[in-house]
2 protein chains.
Amino acid sequence: MATSSPAIAVDTHDDYPSRVFDTPQLLPRRDPVLYSEPAAGDQLPLSAQQLDSYEREGFLLLENLFDEQEVAVLRNELEYQKEEAAKGGSAKVITEPGSNAVRSIFEAHTLGRIFPAVASDQRILSIVEYLLASQVYVHQSRVNLKPGFRGKEFYWHSDFETWHVEDGMPRMRAISCSISLTDNYQQNGPLLLIPGSHKTFVSCVGKTPSKHYEQSLRKQEYGVPDDESLKKLVDDSKIVAATGKAGSVVLFECNVMHGSNSNITPYPRSNIFTVYNSVENVLQDPFGGLEPRPEHIANRTDCNALQKRFVDYRALAGC
Amino acid sequence: MATSSPAIAVDTHDDYPSRVFDTPQLLPRRDPVLYSEPAAGDQLPLSAQQLDSYEREGFLLLENLFDEQEVAVLRNELEYQKEEAAKGGSAKVITEPGSNAVRSIFEAHTLGRIFPAVASDQRILSIVEYLLASQVYVHQSRVNLKPGFRGKEFYWHSDFETWHVEDGMPRMRAISCSISLTDNYQQNGPLLLIPGSHKTFVSCVGKTPSKHYEQSLRKQEYGVPDDESLKKLVDDSKIVAATGKAGSVVLFECNVMHGSNSNITPYPRSNIFTVYNSVENVLQDPFGGLEPRPEHIANRTDCNALQKRFVDYRALAGC
């Protein structure tokens with residue numbers, strides 16, 4: 001008599017299982033997008049149209065939030081921190097595949113005096129707190145330097161998929177903020193987003209090996225959505241490129257599908273990237289069952305709420 | 001007494017030396033762009049504005065030159081030839097790095113009945129003959145299938161640099177024609193061109209090893225322009241993406257600098273690519289001194305002038 005094969009135990013309490021099934025799944029989002037409920041007479045940090053667009057599309061492009069002088073201060077600071085990072089030795093510094101060029105510096109919000117101020121800048125923080133109806137802390141931060149000529153593509157992914165499986169972020173209640181320090185054109189590898197994709201969770205196939213993150217920050221292999229799911233998301237919507245002048249800001253919801261193409265143009269791209277997570281959504285044990293990734297990739301100790309501040313960047317830089 | 005090192009012999013009769021100097025050089029073009037001289041009353045295959053634009057920018061985008069029904073016939077034929085090519089075994093079939101997906105089929109103008117007709121289509125041939133003031137033959141032809149999701153970038157290059165050094169094309173008197181069989185968007189890796197770059201020859205550094213072409217059709221390593229030269233070409237001009245609907249045609253001069261970014265979108269790209277060379281510009285020995293590349297990459301035997309023909313694609317396909 002044949003014995004039946006044992007049922008695979010899947011945590012039924014996980015709304016967002018990934019890397020556990022043999023086939024991809026499209027699962028509905030089980031969390032709000034816009035956590036605040038605007039009432040008549042409220043003082044809102046965004047227009048009703050912007051709030052509606054964020055809820056529907058999963059991201060917001062805020063042009064010229066930082067002025068030219070502020071951008072100059074931030075670029076100057078970036079150059080300084082890049083030179084410091086290039087001296088080597090830090091696990092927080094990621095280089096381009098096949099070269100020593102600095103691509104990212106993690107925990108940027110702890111570097112010097114200027115980047116910490118950026119993370120608490122009231123213009124951004126007031127919006128993020130409103131969207132999440134909560135105080136927030138920095139889940140992850142980095143500065144990215146995408147070089148011209150040889151900037152590589154970054155494949156489609158939902159940040160939340162990784163943060164949930166590998167870092168133990170329980171709910172979709174986090175927002176990424178990218179401040180452009182260079183102009184973003186159609187052709188220099190701008191951030192590409194699929195509007196509306198934040199309302200679907202793409203459960204990916206493939207088990208995650210231990211400590212794979214040491215490579216995955218350069219090249220993704222796990223938590224990669226399948227072709228068919230991506231095609232459906234795009235067919236139901238479109239692809240939008242976050243182009244705009246230096247000083248523009250993109251806020252995007254943690255589950256929106258995004259990626260970028262390569263950059264063979266001479267125009268480099270750099271940005272300051274900060275992930276704000278609700279203080280009510282701090283990390284648990286990773287849902288994928290592996291060891292948590294390091295603190296500089298997924299902060300689980302310093303989760304105090306950020307305090308909004310007005311920042312005078314020129315004064316801070318000693319101009 | 002020290003003996004002086006012997007002088008390196010450089011062919012002073014070569015207007016376009018490349019891969020011979022230790023540093024990159026920007027050399028002036030020594031050939032006409034527009035070979036015909038329009039006179040009042042001439043019957044022209046293009047408007048005066050188009051001729052002027054071609055002379056100045058080095059390329060022309062002709063939207064909707066092929067109608068939807070013609071595109072359908074050509075796509076159908078492409079699918080058939082791709083399936084034939086996927087059966088394997090031909091050196092004329094190039095696959096994607098790291099996969100068996102067909103990326104290009106060379107000598108497309110000799111395949112079946114339809115692709116040869118495309119190469120002689122009077123709509124294209126009459127323009128090319130006028131621009132080059134000459135009858136022409138097919139120097140190289142291929143169909144390209146750039147897949148969605150994982151289409152790789154193709155770095156900046158001048159075709160003429162390669163054809164001169166590796167194939168022995170003497171003068172700049174050839175034109176490439178790309179017929180799009182899919183829609184080209186900003187984000188699915190369209191052809192990028194630097195307008196005006198055809199008036200400068202970028203002499204590249206680095207010696208060419210023998211038989212490197214077996215790899216270079218997938219990944220370039222030789223004849224690659226340096227960053228500084230590229231930056232100057234772009235700073236003096238801009239970058240233009242050849243976007244447009246399926247059925248559009250790009251004609252570009254053999255020395256215009258071009259390339260393409262990766263394509264992570266679900267939208268594939270395919271085209272029919274034909275290089276027309278003047279019958280007065282047939283190949284000599286390669287200027288780089290190596291063995292000529294194979295005939296399917298650089299035709300040096302079947303150089304008879306093409307005869308323009310009116311093509312009824314639907315009839316040809318038996319519709």
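The values are calculated or read from the model by the stated rules, or taken from the named source; none is laboratory data. From a predicted model like this one, the values you see are computed outputs, not experimental measurements. Positions of Cβ are backbone-derived with ideal geometry, glycine not excepted, and every protein chain shown enters the neighbour counts. We work out accessible area using only protein heavy atoms, side chains counted, and drop any ligands, DNA or RNA first. Shrake-Rupley method; radii C 1.70, N 1.55, O 1.52, S 1.80 Å.
How about region A:106-134: which of its residues are open to solvent by 40 Å² or more (accessible area, probe 1.4 Å), in a loop (DSSP other than H, G, I, E, B) and either touching a Cys at 6+ places or on another chain (Cβ under 8 Å) or under 21 Å from A:Phe59 (Cβ atoms) (or both)? Residue satisfying the conditions is A:Ala133 alone. Selection of region A:292-319 for residues being more than 22 Å from A:Val275 (Cβ to Cβ) and not charged (D, E, K, R) yields A:Phe310, A:Ala315, A:Leu316, A:Ala317, A:Gly318, A:Cys319.
Scan region A:155-168 and tell me whether some residue there is farther than 18 Å from A:Asp227 by Cα, touching a strand residue (DSSP E or B) at 6+ places or on another chain (Cβ under 6 Å) and either touching a residue at least 12 places away in the same chain (Cβ under 8 Å) or hydroxyl-bearing (Ser, Thr, Tyr) (or both). No, because not a single residue in region A:155-168 is farther than 18 Å from A:Asp227 by Cα, touching a strand residue (DSSP E or B) at 6+ places or on another chain (Cβ under 6 Å) and either touching a residue at least 12 places away in the same chain (Cβ under 8 Å) or hydroxyl-bearing (Ser, Thr, Tyr) (or both).
Of all the residues in region B:38-68, those that are at pLDDT 95 or above, over 25 Å from B:Leu192 (Cβ atoms) and assigned to a helix (DSSP H, G or I) number 1. Taking first residues from region B:35-46 that are surrounded by 10 or more Cβ atoms within 10 Å (Cβ to Cβ) and partners that are polar (S, T, N, Q), the Cβ contacts under 7 Å between residues at least 6 apart in sequence or on separate chains come to B:Tyr35/B:Ser134; B:Pro45/B:Ser126. When the criteria are applied in full, B:Val279 fails the requirement of being open to solvent by less than 10 Å² (accessible area, probe 1.4 Å) and at pLDDT 95 or above.
Residues checked against (1) at pLDDT below 95; (2) surrounded by fewer than 17 Cβ atoms within 10 Å (Cβ to Cβ):
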position	(1), (2)
B:Trp156	no, no
B:Asp167	no, no
B:Arg171	no, no
B:Pro195	no, no
B:Gln220	yes, yes
B:Asp236	no, yes
B:Ile239	no, no
B:Gly247	no, no
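Of all residues assigned to region B:232-239, at least one qualifies as being out of contact with any Ser or Thr (no Cβ under 6 Å at 6 or more places or on another chain), small (Gly, Ala, Ser) and more than 10 Å from chain A (Cβ to nearest Cβ).
Determine whether A:Val143 is open to solvent by less than 10 Å² (accessible area, probe 1.4 Å), in contact with a His (Cβ under 7 Å, 6 or more places away or on another chain) and under 24 Å from A:Leu65 (Cα atoms). So A:Val143 does not fit the description; no.
Considering region A:257-271, the residues that are under 25 Å from A:Glu55 (Cβ atoms) and crowded, with 22+ Cβ neighbours inside 10 Å include one that is farthest from the other protein chains (Cβ to nearest Cβ), namely A:Asn271.
The requirement of being within 16 Å of the chain's Cα centre (by Cα) and surrounded by fewer than 21 Cβ atoms within 10 Å (Cβ to Cβ) is satisfied by A:Val224. Give me the residue from region A:202-218 that is of a type in the set (Ser, Thr, Tyr) and at pLDDT 70 or above and, out of that set, surrounded by the fewest Cβ atoms within 10 Å (Cβ to Cβ). Applying the filter and picking the extreme gives A:Ser210.
Select from region A:1-30 the residues that are among the polar types (S, T, N, Q), at pLDDT 55 or above and part of a loop (DSSP other than H, G, I, E, B) and list them in ascending order.
Residues of region A:1-30 that are among the polar types (S, T, N, Q), as a first pass: A:3-5, A:12, A:18, A:23, A:25.
With the extra rule that they be at pLDDT 55 or above, the set shrinks to A:12, A:18, A:23, A:25.
A:Thr12, A:Ser18, A:Thr23 - these are the residues of region A:1-30 that are among the polar types (S, T, N, Q), at pLDDT 55 or above and part of a loop (DSSP other than H, G, I, E, B).
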